[in-house]
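As structure tokens, the structure follows; a few thoughts come after it.
The values are calculated or read from the model by the stated rules, or taken from the named source; none is laboratory data. Computed from a predicted structure; not experimentally measured. Quick reminder, even Gly has a Cβ in these numbers, built from the backbone with ideal geometry, and neighbours come from all protein chains shown. Calculation scope for accessible area: heavy atoms of the full protein, side chains included, ligands and nucleic acids excluded. Shrake-Rupley method; radii C 1.70, N 1.55, O 1.52, S 1.80 Å.
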Amino acid sequence: MTRRAPWSLGRGQRPSATACGQKPAAEHDGGGKGGEPLGHAGKTGVPASGCSEFDVGLMGMGPEQRLLIVDDELSIVQMLEEFFRMEGYETVCAQSAEEALRAVNRSLTEERAGIDLALLDVNMPGMDGFELCRRIREHLSCPIIFLTARVEDVDQLDGFAAGADDYVLKPFSLEVLGGRVRAHLAREARRDASRPQSVRIFHDLTIDYAERTVEVSAWDARISLDLTRTEFDIIVLLSKNPGRVYDRVHIYEQVWGWDATGDPSIVREHVRRVRKKFAEAGVDGEVIETVWGVGYRWAAR
């Protein structure tokens, strides 16, 4: 299949594939924060002038996995929507966090429910991308990728703490971003295909690998833990092999994928959050043990 390139901003402008997300020197006509907000876009989020019959025809090809695209810059939303629609995805677009939450709620009530992956801007007026990510995590376990110009480590840690799975810095390459989206969705498909149909009990912990839930029996009650997809995947890896030590690089490759391009040191932050949730739920003792200088292991209880 021949693709149309380079990717248009919907007004005849042609951004470099290696510098997408970088603001042009001149203001966009009707774009930016002063542009009209996009609603539940689907096939209609880009103005009619930016859609061709060829674009619409591609919407029917492939599995049409659904992407949520959120950015307060209209030009970036249009660019990403056009690119991913031509890649065969269905898109849901918004220019604010509040609008995105409404779109998520609508998607959950449809016959083809939910969102398969979300691309979120961080710096938005009103509710920022971090809070939006936390809100989305209350309903969805899909991969979430932040698109941001923030480069400080603390910002990335805040993003992972909010429930994000990946970070892409602006300006970015559309082709590389598309590759990351495909990689995350492929890992989701592999997990679904190989998901074990079993339950394991570790003293006061019950892990249901099929339902992807962890329950704690404490204080004469059963507490279901609110875990992100990444946190649960770390639990799966360690709990299936109690006593085996995994270093951070191995955990990162198994959970994020061998082709991930981030920093394995983020494993430490995710393990810290899992331990905190265990402790708050009343789990007795250290479940994930640190083997100093090596990595982590699931305690043989």
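Of note:
- Considering each residue of the range 205-214 in turn, none proves to be in contact (Cβ under 8 Å) with a residue 40 or more places away in the chain, touching a strand residue (DSSP E or B) at 6+ places or on another chain (Cβ under 7 Å), on the phi > 0 side of the Ramachandran plot and not basic (Lys, Arg).
- Qualifying position, being over 24 Å from Leu227 (Cβ atoms) and touching a helix residue (DSSP H, G or I) at 6+ places or on another chain (Cβ under 9 Å), among Asp128, Asp121: Asp121
- Scope the range 127-165; condition closer than 23 Å to Val176 by Cβ, hydrophobic (A, V, I, L, M, F, W, C) and in a loop (DSSP other than H, G, I, E, B); matching residues: Cys142, Ala149, Val151, Ala164
- Considering only residues in the range 238-280 that are open to solvent by 80 Å² or more (accessible area, probe 1.4 Å) and either among the β-branched types (Val, Ile, Thr) or in a helix (DSSP H, G or I) (or both), the one that is farthest from Arg191 (Cα to Cα) turns out to be Glu280.
- Considering the conditions (1) open to solvent by 20 Å² or more (accessible area, probe 1.4 Å); (2) closer than 20 Å to Cys133 by Cα; (3) at pLDDT below 90, Gly159 is excluded by exactly one of them, (1).
- Residue within the range 80-91 that is open to solvent by 10 Å² or more (accessible area, probe 1.4 Å), closer than 27 Å to Arg191 by Cβ and modelled with pLDDT under 90 present: no
- Residue in the range 288-300 that is of a type in the set (Lys, Arg) and either under 16 Å from Ile201 (Cα atoms) or assigned to a helix (DSSP H, G or I) (or both) present: no
- Yes/no for Ile288 being surrounded by 13 or more Cβ atoms within 10 Å (Cβ to Cβ), within 27 Å of Val168 (Cα to Cα) and in contact with a Leu (Cβ under 9 Å, 6 or more places away or on another chain): no
- Of the residues screened, Thr228 is one that is among the polar types (S, T, N, Q) and either open to solvent by 30 Å² or more (accessible area, probe 1.4 Å) or at pLDDT 90 or above (or both).
- Filter result (without any contact (Cβ under 8 Å) to a residue 12 or more places away in the chain and aliphatic (A, V, I, L, M)) within the range 124-162: Val154
- Conditions (1) at pLDDT below 90; (2) surrounded by 13 or more Cβ atoms within 10 Å (Cβ to Cβ): number failed by Glu138: (2)
- Test: residue in the range 173-183 that is in contact with a strand residue (DSSP E or B) (Cβ under 9 Å, 6 or more places away or on another chain), open to solvent by less than 10 Å² (accessible area, probe 1.4 Å) and over 30 Å from Tyr89 (Cβ atoms): no
- Cβ separations smaller than 9 Å between residues 6+ apart or across chains give the following pairs from the range 80-97 residues that are farther than 12 Å from Val181 by Cα to residues that are β-branched (Val, Ile, Thr) and open to solvent by 20 Å² or more (accessible area, probe 1.4 Å): Arg85/Val56.
Yes/no per residue for (1) closer than 14 Å to Thr230 by Cα; (2) out of contact with any Phe, Trp or Tyr (no Cβ under 7 Å at 6 or more places or on another chain); (3) of a type in the set (Asp, Glu):
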{"residue": "Ile145", "(1), (2), (3)": "yes, yes, no"}
{"residue": "Ala149", "(1), (2), (3)": "no, yes, no"}
{"residue": "Asp153", "(1), (2), (3)": "no, yes, yes"}
{"residue": "Ala161", "(1), (2), (3)": "yes, yes, no"}
{"residue": "Arg187", "(1), (2), (3)": "yes, yes, no"}
